[in-house]
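**Student:** Provided herewith is a single structure, encoded as structure tokens, for subsequent inquiry.
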Amino acid sequence: MKTLALCCALLIPAGSHLAAQTWQVHPEWVKADEDFLASDALQGRGSATRDEQIAATYIGSQFESFGLKPAPNTAGYVQAVELETVQLDGKAELTLGNHVLHEGADFYISSSPGINVTGSIQTIAISGLATATIAKGAAILVQGVNDATTPGVLTPLQGAGVGLIVMQGTKAQLDRFAAFATTRIAPRIKGIAQISTPPTVVYLKAGAAALLADIDNEAPVSLTVHSTRSSRFTHNAMAMLPGTDPSRGTILITAHLDHVGVGVPVDGDSIYNGANDDASGVTAVLELARAFAAGPAPRRNVLLVCFGSEELGGSGARWFREFPPVPLKDIAANLEFEMIGVPQEKVPTGTMFLSGWERSNLGPTLKEHGARLSPDPFPEQQFFRRSDNYPLAQKGVVAHTAAAGGAVPTLHKPNDDLQHIDIPLMTELIQSMIEPLRWLANSDFKPAWNPGGQPAAN
């Protein structure tokens, strides 16, 4: 027996990925996760709905079945987070100069704190947003918006104290607002004080946008909304694989479990299944959890979380940030998985891009250890800021999102379903991350931000 073992050792080089690769992800497991999470039975897993809770319960039960433990200082595998929500009645009025516009007929509200806004217009061309001096409380009229310039257009205005943002909506945006009929407003998390009041964002239909030509800068503007407030709950699913040396910190692996629910039918289909966004990311977390639980305990803790209500402003992730089961300073790194089931041309075949690649040394280091990760080919889309990694990054955690594609054609549409998911690709991508993450969980390497890479604290 000793001779046979020696021969086998000689055949496999020391340190080889082949030597360590003892776990295989099965495509039927990947498909089974997707079959449930993206099924019509879950009605699109709308944020803070019973369907989202069912998804969280499924994920929690899977964690438990793998032998993982509840996260520290938590009861069970599913945590309920109370939200205070604002509901508009769809009858808001927008006055621009001498023009009175009506919600639904002339414009849509994409986000709002549910308060009335008055002020004067500050007109800024989209090309000058990054360098413009923004008056606190101003109503910003953004000119020059189109399909190519829309992604990331609001980013320079976030946190600038703007009260109202008005711009012409693209066809894709207006179609989406029409499909959901009501404004999808980011709720407040009960028990967490708001640092600032977010601006109300208004998208004008083409006819209303044509009126902007005769609107003078500094013209008066007002938005009157009618709202009610109520409570609802979103749910996070969490589990921990305790490490043998917890003093070395925790690796956090995440995805978001919600999607956008049920909307106006498109080609006869009203269920927005979210198979790619983000049942695919949840599947990655589940299969990585299965792999880690089946092997020897790593040195570091591995914390696995599927957040609720990412589609409602990242409420689950923001709650986690304020009430983490382990101190944020002890989280060595966070890797979020989102939309790994549909490839895109700009992303090298068989890889995922890492949002904010240039911001830290995490991506390049994982790549050196076999992770199929590549730089973000869509910097204009601001993906680093648009997923659940961002609230944690704002608090100093080295946190990024891995994705196979960005704004894919199925995004937030009913055809983001099982028929449009590449199960072999998902299986291959999940498999490729097992050993690099296992290395990270066993190493002394502490990921760090590159100079200027950490986003501003919030």
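The values are calculated or read from the model by the stated rules, or taken from the named source; none is laboratory data. Treat the numbers as computed from the prediction; the structure is a model and nothing was measured. Glycine gets a Cβ as well: all are built from the backbone with ideal geometry, and neighbour counts include every protein chain shown. All accessible areas refer to the heavy atoms of the entire protein, side chains included, with ligands and DNA or RNA removed. Shrake-Rupley method; radii C 1.70, N 1.55, O 1.52, S 1.80 Å.
**Student:** Round to a whole number: what % of the accessible area of the chain belongs to carbon and sulfur, probe 1.4 Å?
**Tutor:** After summing per-atom areas, the C and S share lands at 55 percent.
**Student:** Sticking with this one: For residue 123, enumerate residues with amide H under 5 Å from its amide H, sequence gap 5+ or separate chain, H modeled in the peptide plane.
**Tutor:** For residue 123, whose amide H was placed from the backbone, the distant partners under 5 Å are 141, 218.
**Student:** A further question follows. Just the C-alpha atoms of the stretch 330-394: what Rg/Rh do they give, with Rh taken as the Kirkwood radius?
**Tutor:** Numbers: Rg = 11.7 Å, Rh = 12.6 Å.
Expressed as Rg/Rh, it is 0.93.
**Student:** Continuing with the same structure: What accessible surface, in Å², does a 1.4 Å probe find on residue 359, ignoring ligands, DNA and RNA and rounding to the nearest 10?
**Tutor:** Solvent-accessible area, nearest 10 Å²: 50 Å².
**Student:** I would also like to ask the following. Run the Debye formula on the Cα coordinates of the stretch 268-422, all scatterers equal and no solvent, and tell me log10 I(q)/I(0) at q = 0.11, 0.12, 0.15, 0.16 1/Å.
**Tutor:** -0.44, -0.52, -0.83, -0.95
**Student:** Return a whole-number percent for the relative contact order of the stretch 331-458, with Cα pairs under 8 Å and 6 or more residues apart as the contact set.
**Tutor:** Numbers: 204 pairs, mean separation 52.2, N = 128.
After rounding, I find 41 percent.
**Student:** Let me ask something additional. Between residue 380 and residue 294, what FRET efficiency comes out of the Förster formula 1/(1 + (r/R0)^6) with R0 = 45 Å and r the beta carbon distance, rounded to 0.05?
**Tutor:** Details: r = 41 Å, r/R0 = 0.90.
Computed FRET efficiency for residue 294 and residue 380 comes out at 0.65.
**Student:** In addition: Would you tally the net charge around residue 355, using a Cβ to Cβ cut-off of less than 13 Å, leaving residue 355 out, and scoring K and R as +1, D and E as -1?
**Tutor:** -3
**Student:** Could you work out how much longer the chain between residue 206 and residue 232 gets when fully extended? Use 0.36 nm per residue separation minus the Cα distance between them, nm to one decimal.
**Tutor:** Values: separation 26, 0.36 × 26 = 9.36 nm, distance 3.52 nm.
That pair, residue 206 and residue 232, stretches by 5.8 nm at full extension.
**Student:** Nothing charged except the Cβ atoms of Lys and Arg (+1) and of Asp and Glu (-1): what's the magnitude of the dipole of the chain about its Cα centre? Round to the nearest 20 debye. All intermediate terms of the calculation are to be shown ahead of the outcome.
**Tutor:** On the way: 32 positive and 44 negative charges, 293 e Å.
So the dipole magnitude of the chain works out to roughly 1400 debye.
**Student:** Right, another one. Hey, rough spin-label estimate for residue 99 and residue 125, points 7 angstrom out along Cα→Cβ, what's it come to in nanometres?
**Tutor:** A separation of 2.0 nm, rounded to one decimal place.
**Student:** Per-residue ellipticity at 222 nm for the chain, helices alone: DSSP H runs ≥ 4 residues times -39500 (n - 2.57), over residue total, nearest 500 deg cm²/dmol? Display every interim value, and only then the final one.
**Tutor:** Values: 11 runs with 111 residues, N = 458.
It lands at -7000 deg cm²/dmol.
**Student:** Further question on the same structure: Give me the log10 of I(q) over I(0) for the stretch 96-141 at q = 0.16, 0.22, 0.32, 0.33 Å⁻¹, as the Debye formula computes it from C-alpha points; what are the numbers?
**Tutor:** Cα-only, vacuum Debye calculation for the stretch 96-141: -0.60, -1.04, -1.21, -1.22.
**Student:** On to the next question. Picking from 255, 270, 243, whose Cα lies most toward the positive end of the charge dipole for the stretch 202-295 (charges on Cβ: Lys, Arg +1; Asp, Glu -1)?
**Tutor:** So the residue furthest toward the plus end is 243.
**Student:** Excluding residues fewer than 8 places away in the same chain, name every one of the lysines whose C-alpha is closer than 23 Å to that of residue 346.
**Tutor:** Output for residue 346: 367, 413.
**Student:** Residue 439: accessible area at probe 1.4 Å, nearest 10 Å²?
**Tutor:** Surface open to solvent at residue 439 totals about 70 Å².
**Student:** Which percent, nearest 5, of DSSP beta bridges in the chain are antiparallel?
**Tutor:** Details: 40 of 75 bridges.
The answer is about 55 percent antiparallel.
**Student:** Could I ask something else about it? Can you give the log10 of the normalised intensity I(q)/I(0) at q = 0.05, 0.07, 0.08 Å⁻¹, computed with Debye over equal Cα scatterers of the chain?
**Tutor:** Debye output, listed in q order: -0.19, -0.37, -0.48.
**Student:** Given points 7 Å out from each Cα along the Cα-Cβ axis, report the residue 213 to residue 193 separation in nanometres with one decimal.
**Tutor:** Here the modelled spin labels are 5.0 nm apart.
**Student:** Counting only other residues whose beta carbon sits under 12 Å from that of residue 32, what net charge do I get with K and R as +1, D and E as -1? Can you show the working numbers first?
**Tutor:** Numbers: positive: 31, 290; negative: 28, 33, 34, 35, 287.
Within the 12 Å Cβ shell, the charges total -3.
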